[in-house]
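Comments concern the structure below.
The values are calculated or read from the model by the stated rules, or taken from the named source; none is laboratory data. The shown structure was predicted, so the numbers you read here are calculated from the model rather than taken from an experiment. So basically every Cβ, Gly included, is an ideal-geometry build from the backbone, and we count neighbours across all protein chains shown.
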Amino acid sequence: GLGADADEDVTAASTRLSVRCPIGLGPIGIPVRGRGCTHLQCFDLVTFLQMNKNYGVARWRCGVCSKTLNVAELEVDTFIFSIMKQLQADSAAEGREAQVDSDGEDTVPEEIEIHPNGQWHVPPRRQKRQRQRQRQRQR
């Protein structure tokens with residue numbers, strides 16, 4: 001069986017989640033997932049409803065894992081919702097109305113990193129870091 005030693009071997013890792021809807025690819029406004037889904041990734045409620053309204057069926061598919069789900073099974077992830085609200089507030093505080101910066105880079109983050117203690121941050125973008133390194137080498 002598992003003893004106390006087994007617990008010491010478990011290390012908590014941070015998790016990266018996209019803040020973009022996998023269905024519409026825009027920022028997630030109201031993050032939801034199906035009650036029976038086992039993934040952390042959410043999708044945008046409004047995008048999900050708009051994409052599915054034309055099908056006229058009572059059971060649709062999860063925007064992440066494709067499990068069949070009923071609209072009544074959708075649950076808002078209030079933790080991710082609070083993060084999305086903070087990202088919007090940060091963007092507004094910085095005066096970023098446009099979603100593209102001077103380098104042509106989209107100002108909406110691609111992902112967030114959530115740590116086991118519940119803290120989170122926006123990790124640096126890989127592409128932007130690569131371009132910055134290339135510019136430094138050229139100097």
I want to confirm something. Restricting to region 68-85 and keeping residues that are hydroxyl-bearing (Ser, Thr, Tyr) and part of a helix (DSSP H, G or I), which single residue is surrounded by the most Cβ atoms within 10 Å (Cβ to Cβ)? Ser82
Six or more apart or on different chains, Cβ under 8 Å: which pairs go from a residue in region 101-125 that's closer than 14 Å to Leu87 by Cα and among the basic types (Lys, Arg) to one that's modelled with pLDDT of 75 or more and assigned to a loop (DSSP other than H, G, I, E, B)? Could you list them? none
Name the single residue, out of those in region 42-62 being outside any strand (DSSP E or B) and touching a Gly at 6+ places or on another chain (Cβ under 9 Å), that is surrounded by the most Cβ atoms within 10 Å (Cβ to Cβ). Cys42
Are any residues in region 86-122 charged (D, E, K, R), loosely packed, with under 12 Cβ neighbours inside 10 Å and either more than 22 Å from Asp44 (Cβ to Cβ) or at pLDDT 90 or above (or both), and if so, which ones? Glu94, Asp101, Asp103
Search region 25-41 for residues being under 22 Å from Gln86 (Cα atoms) and buried (at least 17 other Cβ atoms within 10 Å of the Cβ), and hand back the single one that is modelled with the lowest pLDDT. Pro27
